[in-house]
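Below is one structure; the comments refer to it alone.
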Amino acid sequence: MPQFRRTDRLNEQLRQEISLLVRDEVRDPRVGLATITAVETSRELDHAKVYFTALGDAAEKEEILAGLRSAAPFIRAQLSQRLHIRRVPELHFQLDRVLEEASRINALLREVLPEDVPADAADVSDGADGAE
């Protein structure tokens, strides 16, 4: 269990530092609209998936991904100077699709579920008030 907490702390620390580096240090204009959302390190701590979100269409997101991938060696070098860990994991940037999936599920639910509250539900709530 302590290993799990240590990994969580490291993931959050990496996320914060990478966010700062992308915002303040990386000079590639393609990465300006990227927001780092999560970091997941491997069990051996030698690889890290870095998830990001960005506004724009698929082509713009691919450009941002290309910019982040080209900046990965610089970011990793900066992390080695800022963090007190034996080895900085190799960074693998990926688009975070959680928001897209949530939006898609929301749209599906809106299609399936009725918009109006059923009359039975309204009567039940009225009956509860009158029972006092």
Q | In order through segment 87-98: 3J(HN,Hα) via Karplus (6.51 cos²θ - 1.76 cosθ + 1.60), integer Hz, x for Gly, Pro | A | 9, 7, x, 5, 9, 10, 7, 9, 5, 7, 9, 4
(Q) Counting each pair of different Cα atoms once, what's the Kirkwood radius of segment 2-130 in Å, rounded to one decimal? (A) 17.3
(Q) Can you give the local net charge around L95? Use residues other than it whose beta-carbon is closer than 15 angstrom to its beta-carbon, Lys and Arg +1, Asp and Glu -1. (A) -2
Q: Quickly work out the S103-to-R9 label distance, labels modelled 7 Å from Cα along the C-beta direction, and quote it in nm with one decimal.
A: 3.7
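Bear in mind these aren't lab numbers, they're just calculated from the coordinates by the rules spelled out. What you see is a predicted model, and the numbers here were worked out from it, not measured in a lab. Cβ coordinates were reconstructed from backbone atoms using ideal geometry, including for glycine residues, and neighbour counts include every protein chain displayed.
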